[in-house]
1. With the contact rule set at Cα under 8 Å and sequence spacing of 6 or more, what percent relative contact order holds for chain B?
2. Which residue fluctuates the most in chain B, going by a Gaussian network model with Cα springs under 10 Å, if the choices are B:231, B:195, B:152?
3. Just the ratio, please: alpha-carbon radius of gyration of the protein assembly as shown over 2.2 N^0.38 Å, N its number of residues.
4. Quick one: give the max-minus-min coordinate of the C-alpha atoms of the range A:6-64 along each principal axis, largest first, in Å.
5. Wrap a convex hull around the Cα atoms of the range B:39-93, take a quarter of its surface area, and give that in square nanometres.
6. So for the range A:1-115, what are the equivalent ellipsoid semi-axes in whole Å, largest first, each being the square root of 5 times an eigenvalue of the Cα gyration tensor?
7. Springs between alpha-carbon atoms under 10 Å, Gaussian network over chain A: tell me which of A:14, A:59, A:98 tops the mean-square fluctuations.
8. Can you give the percent of C-alpha pairs in the range B:227-294 whose distance is more than 20 Å?
């Protein structure tokens, strides 16, 4: 009970910081604007394509409809995953680095809190803001359900959003860990970004011709596990991969916070 | 309330705290005195569970800092040397956050925050951002944070550093007011502060305890080694000679003052009262004795005595065992 209250106190403090400074607004602005832009372009492209398809259908008979899920929503989720790569360091770089620089880590460490409560409170705050960003972006998609003549399927939208959320959380958890390594936010930000990019590229190794080593390495790439979920296939092994990635990163964060006291 | 036994902290090869032991009773204000880098902050950080000790044990209110850190943290209020504050928070919000993480129950929180604001007199800045506060106010907000959950033990690392004289006096009064209800450990390198606020002093140097006693006792014990000052009418060298002949006198130094008077500084053997003999010596030789005064060592001199590791000065210092007995 007290544990929950402590996590909530840290969470609230971090949110206060996000919204008391430009960070939350910049992140929300960049995210929703890009979501809108991608949505607009994907939408125009979709309209052109469906016009062409229906023309062909009239000429050759047997008209077919393009799927909104496949041609509109899925590419947006992929694009937003790239945006998450850029936005995540913004949310995590200061989490621990700033506390260390300000000396406020000493306040948290001498309060009756455990290191896990601090780590979880901070991670959940970042994940919460990120979830809010995803929800704000999804407004575009929700409009489709109201105005499209044949509305998209909702299940792939939900599983795609979940994939985007889990992918982002991997970055956030890893970013939190990087932030414990330095007192300098900028260093933490740049390091996290490079690390995310490195992990991202692992999935490029994923192709049908890949040997066993390449496939194993590709398996660690965070985007590899997004593919099926965005298509609407919710495979437990993908969810499990993301959760263990997040769990392991948070474990590293915790160990790092704890060990700093031994080395201090 | 606080029991520290044989506490040692090593950073790599450097030993910051070396076998320190002391006890603090309930309601006592203990001054922790030492030059910069003596190990004060490290000891305090161990007491607040911020750092683990390399060897030895420390118990606060019966709980071991290493084995039951949460129990200790609940009972300790701490201000590090630079108070840890979030510059982008308003004073009240900051204190509210601190109350939450210190486990102050929701119903009492507002009352406790108000009480701490009142006690530390930060009421007129309660809605200001901490970034905009002066050093003095920040220090007080730090203190407010430490007393929020009414802890049994307060650990204050140089609470008056960087304050102006008026603020220093206010802070000392505040600390003295908190003693009794709270057990306080206060570190400083300002000596008058210790004399004014603390019931007992632990002097630490290079990680070791070199003396432990009340400020009064420390001064008294060392008084024997301190100087006596005489005002004498007479010639310089015969007076010096006469006083040197008195048994128990170690050194005599006469200086000509105004109106043909001499000021004579006499250093006597520790613990031996030579005042009557000195007076007798002066008067029987026909000099005029106008004044005889015990100068005594100030805490400052004792401190220098104990913390100067100059080999030449060492024999002059009172043996360690005698002081810390």
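1. Working: 639 pairs, mean separation 59.8, N = 325.
Averaging sequence separation for qualifying contacts and normalising by length gives 18 percent for chain B.
2. B:231
3. Values: Rg = 35.1 Å, N = 589, 2.2 N^0.38 = 24.8 Å.
Ratio of Rg to 2.2 N^0.38 Å for the protein assembly as shown: 1.42.
4. Dimensions of the range A:6-64 along the principal axes of its Cα atoms: 66, 23, 6 Å.
5. Details: hull surface 19.1 nm².
Projected area, direction-averaged: 4.8 nm².
6. Details: eigenvalues 478, 43, 20 Å².
After diagonalising the Cα gyration tensor, the semi-axes are 49, 15, 10 Å.
7. In this elastic network of chain A, the residue with the biggest mean-square fluctuation among A:14, A:59, A:98 is A:59.
8. Numbers: 321 of 2278 pairs.
Taking all Cα-Cα pairs of the range B:227-294, the fraction more than 20 Å apart is 14 percent.
Readers should treat all values here as calculations from the given coordinates under stated rules, not as data from a laboratory. Please read all numbers here as calculations on a predicted model, not as lab measurements.
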